[in-house]
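Beneath this line is the structure, given in structure tokens, with notes to follow.
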Amino acid sequence: MARIVFDAIAHSYLKTPPSEVSAPEVSAADGDWALRDIDQTWEDGGAYALLGPSGCGKTTLLNVISGLIAPTRGRILFDDRDVTGLTPRARNIAQVFQFPVIYDTMTVEENLAFPLRNRGLGRAETRTRVAEVAETLDLTVDLKRRARGLSVDAKQKISLGRGLVRDDVAAILFDEPLTVIDPHLKWLLRRKLKEIHERFHLTLIYVTHDQNEALTFADRVAVMNEGRILQVGSPRALFEAPRHTFVGYFIGSPGMNLIPCRIADGAAVVDDGIDGARIALDPALAARAAAATAPIELGIRPEFLRLADAPGEGAVAVAIAGVEDLGTYKLVTARLGPHRLKIKLGEDAPTPAERAHLIFPRERTIVYAGGRLVEGEAREGS
Amino acid sequence: MTLRLEAVSKTVGGEVHLHPLDITLAPGSMNVVLGPTLAGKTSLMRLMAGLDRPSSGRVLVGDHDVTGLSVRRRKVAMVYQQFINYPSFTVYDNIASPLRRAKIGRAEIDRRVREAAAMLRLDGLLDRLPDALSGGQQQRTALARALVKEADLLLLDEPLVNLDFKLREELREELRALFETRRTIVVYATTEPLEALMIGGDTLVLDQGRLLQAGPTVSVYRTPACVRVGEVFSDPPINLIAGDVGADDIRLGGAILLPRRGHLRVLAPGAYRFGVRAHHLSVDRRHGDEVAVEGTVVLDEINGSETFIHVELGDALWVVQEEGVHGFGLGERIRFFLDPRHVFAFAPDGALVAAPVGGDDAMAVGSGGAA
Amino acid sequence: MIIRKRTVGLILYLAILLLPIYWMLNMSLRSNADIMGVFSLYPTDPNFDNYIKIFTDASWYSGYINSIIYVSLNTVISLSVALPAAYAFSRYRFLGDKHMFFWLLTNRMAPPAVFLLPFFQLYSTIGLIDTYLAVALAHTLFNVPLAVWILEGFMSGVPREIDETAYIDGYGFPRFFVTVFLPLIRSGVGVTAFFCFMFSWVELLLARTLTTTDAKPIAAIMTRTVSATGLDWGLLAAAGMLTIVPGALVIYFVRNYMAKGFAMGRV
Amino acid sequence: MNKWDDNRAWLLVLPVFVIVAFSAIIPLMTVVNYSVQDIFGPGQRVFVGTEWYQEVLFDRRLREALWRQFLFSGLALLFEMPLGVLIALAMPKRGPGVSVTLVLLALPLLIPWNVIGTIWIIFTRPDIGLLGATVNGLGILFDHTSSPLDAWITVVAMEVWHWTPLVALLAYAGLRAIPEAYFQAARIDGASAWDVFRFIQLPKLRGVLTISLLLRFMDSFLIYAEPFVLTGGGPGNATTFLSIYLVKLAVGQFDLGPAAAFSIIYFLIILLFSWLFYQALQNVGTGDKR
């Protein structure tokens, strides 16, 4: 097991990479870099998820860790040892792929014993390790069977097991491992993974585009976009205090409401088509936001908005554009000038009338400048 | 025009894909076909489209029997779960192809293609080949081609299932808006309850080739005609537990006592299966009537906005849904609350006996023999 | 290190593979007297006399033209009948489909020697002996089954939903097949054409039997000339070299399709 | 996966059926006809029943040719299969080397079969052949026109030279179809190159190798032009394979009846192998397609 450190890792798939990693401002236009200057520490024994849309670089990042890809620039350290030039084998990494990779001609037992045999472990010890792992993964009864004949989820467990049998493994990497698993079985495997983490305290890194998988699996989730890690935090921190607008949009279903605004007199002023709607902010937050030069956006999650029938202190008049009854909750779409906001209401909440008043709870209303969170005073995410 | 299926069934090589079923879809209606994988959703859609011929029964459009009519002569459009486009045509030519076949004038084609492309945000991509597009854009192209045709019947077979989580969410919302204004009969197949609720309209619940229930989506959700509908139409899974109704109270799984009150008063003494959806369980007491239940956490799933807590209680496994993101450790003891007002009661054969009030306006149209 | 060893091995093998061909090239650039007189690893006095003779003598070069004509004819016939059939096998279940496919494959395996006499009689009866068409038709015996088989593999790789979408869009079969479907299996058609060309080009037994003068293939003229001129090795080698040229050209043009076709695992 | 049920598909198959039937069924019927008749001349024929079949079955030379044929095919496979796989393993996976290798490998496949024979005559003759002269120069007597063993060595070498590239190309295709994840997993599991070959490449090649094995078996079973040009079936009858003997019988001696009966038996043997081939293909098909 090891603490893994990324030291200014950048990677380009081009043969002759552009000489400079471009500045964040122009990043969107330049797709030559799959990873841009990533500094990150993966603590020993942590359960991490790499979450992001297709093509954000998360699989590249994973392959850099395992050593299947040599980064164009930067160093990677395992416990302060530079492993940048080492092979996957020398790094002691295990990886579980999107599709189960098993050795067709071997039995389950032989499959599980394979990495140990290659490392010259004794027969007796191999047997006990395999038995132990098979027990954990509920594969004991299948040990003598040909691996080829098993179901997809059992095969995926074998691929995982080949990583678990090695007690010297530095980290186990997962590349969207549940893609081929039947939806009804997914949660069972998620549970298995959790158990394994609790039991073995291994460093686990899990790549996915599905927030459900990432947030369920990981203690700390790294949200990636366009080759950068935007935020690493606990599921709760990502939900409550996303440090980047993309994180706010990407986490949560539906994502965070983001409205362009300007700051005046300790409040956010949003274009409502008339003379501007005022949304009161935490004074300290407002002061910092006012000092920012980049464009300001107001952020609030649909869960935190409240509706009132009557105008009141700090309530903003909106037009209701639609109400969807989604069984467990009602999703309201409100129009505020040119902007659209989503509001999540309880299933028993009364359906709002055509016009309503929206309350932005002050402690839940956050502000972004140039896409980055403007820190309030007391808010320091867990 | 109305689409009617009369006693339509499909058998392939001795294997029944669809048992005889009757369905009527009104013009301009929005219909969801909800069912787990292999429920027969695709078989049903292919019969509706005319891609396959039913083994028995008739398909009628208006008063017209179209059972044996080739798909070329029908006014249908279809979107598959794979991204199906003509790989050698540009996006523009892809969208234009059904119009060109229909011998429509060039100017008119151009206008309609650009309109559809704008609607699906493909404006800047018209000259590209499908291979040069992302998955989401490819599926948008397929959707545009289906919409531009202005067919009588638009079939969508799990169109979003192969997209990224977030893309799925976005496109789902756009779709609903796109269908709202059309006269077309839309049929949308999905395995996901939430998707069914988002699309709205009417829902047909299909399982193992049988039509279990049909009706307005929200009513079917609130008043599942049988246990199986409850299972298919709940995500996370509905909590089901055997119980006995006594004179004064109801005993669930041997341990939990519910008062025999409210909508449960109608139950005659005897054995039942009780169902309660995960979001009607809560770790906070929301109500004085709620009954406390204790168990061990085996998993806590977070989907971004909600947390699903899997709790083991004796042999039974419960799922509790909590708003927001919460962390519960594996093996932690937890107490949650069950609101008796939200409990469904099913007879031993599976049929719904009592549903929570508020769902009584639903019409349960059990057809083809509810399981 | 391992990679290097492998590459060395591969280059060595390719060198051995080319050695006999090189030797023939060597011979073809020398006169017969030279060949019989001195043993030399390379032509000491290279000249193109043998080639010039072939290109100036109609009894020689017409053989090439004959071969190219019937081979091309065969490729066209094989492809045009195999395309619709392969589509049927890849898309439809119909009465006797499996048996039909098997029967086709058995013809790919039929020994040409068995068909020698009956073919001669058959084509004599219908007056096709010594025509290009006779050879082209005879070669369909093994090329059509092969073409159907290869094309079926490529077509099965195209999702059926594309066909359905086209029919839903209102395409008729012929237009769909030509404008939508064929471009999708372009590399399959390329690979198939290559194999038809190849097997028709290399076959000699039937081609020689069904022709006498007008359509006689080069390969047959070669053997005949050998006995007549009392083994002119140089001339023979030059003629042999020239039979490799068309094949080499074809394979050069379809090499990218080849790689793709092989990647699809069907040949 | 599911196909459409429609018997009208026959319309699409009809051209193929007609053209192949014309080339296969009519001639085959002629052969059957000959095999049960004795023909003296135009219009003079006598029904002889199974006489020709009996004659052929008890023909010692035919039986010898058959065993020779099996030995030849067996030897061909023994060399071609492992060699082909080895070459496929050594071929580059990407880059300009791929096209070059493919083109060079395919070259022998594109040479007319009798020219193959010619090439090998020129190559192996003791007087002018590179190989023949070299070997004889080393003091080893080598002449395929007089020594049966030398003739066999030459014929087998020619066959291996000619057809190993096909096996290599097929195996290469099979190797390219293995998902990259398998190799990555093996690297991570610490597998050696030999392990990768034994536990990943070889099992995944099973289907392709079955196809090439059967293909090569059949085609080597039908071989005619190459050995005929090279050795003429000699010395003596040492390299007289089935097809060579059949043509001798039919064209050389004009023994139509026995030749026809021989053809039928030959064809039945081939049919049996075709059937096995087809069965194997079907199994491979279901094994590979998900």
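C:Val144 - would you say it is surrounded by 24 or more Cβ atoms within 10 Å (Cβ to Cβ) and closer than 29 Å to D:Glu226 by Cα? When the stated conditions are applied, C:Val144 passes them. Suppose the filter is away from chain A (no Cβ under 13 Å) and buried (at least 22 other Cβ atoms within 10 Å of the Cβ); does B:Leu156 pass it? The answer is yes for B:Leu156. Screening segment D:216-240 for residues that are touching a Gly at 6+ places or on another chain (Cβ under 6 Å) and assigned to a helix (DSSP H, G or I) and picking the one that is nearest to the other protein chains (Cβ to nearest Cβ) gives D:Val229.
Applying the criterion of being surrounded by fewer than 18 Cβ atoms within 10 Å (Cβ to Cβ) and at the interface with another protein chain (Cβ under 9 Å from one of its Cβ atoms) to the residues of segment A:189-220, the residue that is farthest from B:Gly331 (Cα to Cα) is A:Asp219. Where strands (runs of 3 or more DSSP E) fall entirely within segment B:260-358, those with at least 3 residues that are surrounded by fewer than 20 Cβ atoms within 10 Å (Cβ to Cβ) and among the aliphatic types (A, V, I, L, M) are at B:291-302.
Out of all the residues in segment B:68-89, is one or more at pLDDT 90 or above, in a helix (DSSP H, G or I) and not charged (D, E, K, R)? Within segment B:68-89 (the criterion being at pLDDT 90 or above, in a helix (DSSP H, G or I) and not charged (D, E, K, R)), the answer is no, since none of the residues qualifies.
To keep it simple, each residue is scored yes or no on (1) crowded, with 24+ Cβ neighbours inside 10 Å; (2) touching a residue at least 40 places away in the same chain (Cβ under 8 Å); (3) touching a Pro at 6+ places or on another chain (Cβ under 9 Å); (4) assigned by TED's automatic domain parsing to the domain that holds B:Ala268.
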site	(1), (2), (3), (4)
B:Glu169	no, no, yes, no
B:Thr191	no, yes, yes, no
B:Ile241	no, yes, no, yes
B:Ala247	no, no, yes, yes
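Residues in segment D:171-184 include at least one that is within 30 Å of D:Phe70 (Cβ to Cβ), in contact (Cβ under 8 Å) with a residue 40 or more places away in the chain and facing chain C (nearest Cβ under 9 Å). Do we have any residue at all in segment A:117-136 that's at positive phi, within 14 Å of chain D (Cβ to nearest Cβ) and surrounded by fewer than 15 Cβ atoms within 10 Å (Cβ to Cβ)? Taking every residue of segment A:117-136 in turn, at least one turns out to be at positive phi, within 14 Å of chain D (Cβ to nearest Cβ) and surrounded by fewer than 15 Cβ atoms within 10 Å (Cβ to Cβ).
Kindly indicate whether C:Ser187 is within 12 Å of chain D (Cβ to nearest Cβ) and polar (S, T, N, Q).
Values: within 12 Å of chain D (Cβ to nearest Cβ): no; polar (S, T, N, Q): yes.
Considered against the rule, which asks whether it is within 12 Å of chain D (Cβ to nearest Cβ) and polar (S, T, N, Q), C:Ser187 comes out as no.
Regarding segment D:206-215, can at least one residue be identified that is assigned to a helix (DSSP H, G or I), in contact with a Phe, Trp or Tyr (Cβ under 6 Å, 6 or more places away or on another chain), more than 9 Å from every other protein chain (Cβ to nearest Cβ) and surrounded by fewer than 22 Cβ atoms within 10 Å (Cβ to Cβ)? Yes, there is a match, as at least one residue in segment D:206-215 is assigned to a helix (DSSP H, G or I), in contact with a Phe, Trp or Tyr (Cβ under 6 Å, 6 or more places away or on another chain), more than 9 Å from every other protein chain (Cβ to nearest Cβ) and surrounded by fewer than 22 Cβ atoms within 10 Å (Cβ to Cβ). Within segment A:169-188, the set of residues being within 19 Å of the chain's Cα centre (by Cα) and either within 9 Å of chain B (Cβ to nearest Cβ) or more than 26 Å from A:Leu68 (Cα to Cα) (or both) comprises A:Lys186, A:Trp187.
For segment B:182-212, the set of residues classified as polar (S, T, N, Q) and within 14 Å of chain A (Cβ to nearest Cβ) consists of B:Thr190, B:Thr191, B:Thr203, listed by residue number. Tallying residues that are β-branched (Val, Ile, Thr), more than 11 Å from chain A (Cβ to nearest Cβ) and assigned to a helix (DSSP H, G or I) within segment B:213-231 yields 2.
Pairs are defined by a Cβ separation below 9 Å, a sequence spacing of at least 6 or placement on different chains, a first member in segment B:128-146 that is assigned by TED's automatic domain parsing to the domain that holds B:Glu115, and a second member that is at pLDDT 90 or above and of a type in the set (Lys, Arg); the pairs so defined are B:Leu133/B:Arg140; B:Gln137/B:Arg128. Criterion applied to B:Arg172, B:Arg112, B:Arg145, B:Arg176 was being over 30 Å from B:Leu194 (Cβ atoms) and part of a helix (DSSP H, G or I), and the one residue passing it is B:Arg112.
Consider segment B:283-307 and keep the residues that are among the small types (Gly, Ala, Ser) and within 12 Å of chain A (Cβ to nearest Cβ). The one that is nearest to A:Leu193 (Cα to Cα) is B:Gly304. Of D:Leu215, D:Leu249, D:Leu202, D:Leu256, all but one fail to be more than 23 Å from D:Ile39 (Cα to Cα) and more than 13 Å from the chain's Cα centre (by Cα); the exception is D:Leu202.
If you filter segment B:97-119 down to residues that are facing chain C (nearest Cβ under 10 Å) and surrounded by 18 or more Cβ atoms within 10 Å (Cβ to Cβ), you find that the one that is nearest to the chain's Cα centre (by Cα) is B:Pro98.
Summed over segment C:31-52, residues that are facing chain D (nearest Cβ under 10 Å) and modelled with pLDDT of 85 or more total 0.
Considering only segment A:287-317, state which residues are surrounded by 14 or more Cβ atoms within 10 Å (Cβ to Cβ) and either in a loop (DSSP other than H, G, I, E, B) or touching an Asp or Glu at 6+ places or on another chain (Cβ under 8 Å) (or both). If the condition is that a residue be surrounded by 14 or more Cβ atoms within 10 Å (Cβ to Cβ) and either in a loop (DSSP other than H, G, I, E, B) or touching an Asp or Glu at 6+ places or on another chain (Cβ under 8 Å) (or both), then A:Arg288, A:Ala292, A:Arg301, A:Pro302, A:Glu303, A:Phe304, A:Leu305, A:Gly314, A:Val316, A:Ala317 are the ones that fit.
What residue, of D:Ala9, D:Ala21, is within 13 Å of chain C (Cβ to nearest Cβ), out of contact with any helix residue (DSSP H, G or I) (no Cβ under 8 Å at 6 or more places or on another chain) and of a type outside the set (Lys, Arg)?
Values: D:Ala9 fails: out of contact with any helix residue (DSSP H, G or I) (no Cβ under 8 Å at 6 or more places or on another chain).
Of the residues listed, the single one that is within 13 Å of chain C (Cβ to nearest Cβ), out of contact with any helix residue (DSSP H, G or I) (no Cβ under 8 Å at 6 or more places or on another chain) and of a type outside the set (Lys, Arg) is D:Ala21.
Answer yes or no: is there a residue in segment C:171-184 that is at the interface with chain B (Cβ under 7 Å from one of its Cβ atoms), buried (at least 21 other Cβ atoms within 10 Å of the Cβ), at negative phi and part of a loop (DSSP other than H, G, I, E, B). The answer is yes; a qualifying residue exists. So, in segment D:157-193, of the ones that are outside any helix (DSSP H, G or I) and of a type outside the set (Ser, Thr, Tyr), which residue ends up surrounded by the most Cβ atoms within 10 Å (Cβ to Cβ)? My answer is D:Ala191.
For segment C:86-119, what are the residues that are closer than 13 Å to D:Phe17 by Cβ, at the interface with another protein chain (Cβ under 7 Å from one of its Cβ atoms) and in contact (Cβ under 8 Å) with a residue 12 or more places away in the chain? Answer for segment C:86-119, where residues must be closer than 13 Å to D:Phe17 by Cβ, at the interface with another protein chain (Cβ under 7 Å from one of its Cβ atoms) and in contact (Cβ under 8 Å) with a residue 12 or more places away in the chain: C:Leu104, C:Asn107.
One line per residue, one yes/no per condition, for (1) at pLDDT 85 or above; (2) farther than 25 Å from B:Val325 by Cβ; (3) among the basic types (Lys, Arg):
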| residue | (1), (2), (3) |
| --- | --- |
| A:Asp309 | no, yes, no |
| A:Ala315 | yes, yes, no |
| A:Gly327 | no, no, no |
| A:Arg379 | no, no, yes |
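Scanning segment B:312-332 for residues that are more than 10 Å from chain A (Cβ to nearest Cβ) and under 22 Å from A:Ser234 (Cα atoms) yields a count of 4.
Of note, B:Arg46 satisfies the criterion of being crowded, with 16+ Cβ neighbours inside 10 Å and either within 22 Å of B:Arg183 (Cα to Cα) or within 24 Å of the chain's Cα centre (by Cα) (or both).
The values are calculated or read from the model by the stated rules, or taken from the named source; none is laboratory data. Keep in mind the model is a prediction, meaning the values are calculated, not measured. Every residue, glycine as well, gets a Cβ built from its backbone with ideal geometry; the counts of neighbours run over all protein chains shown.
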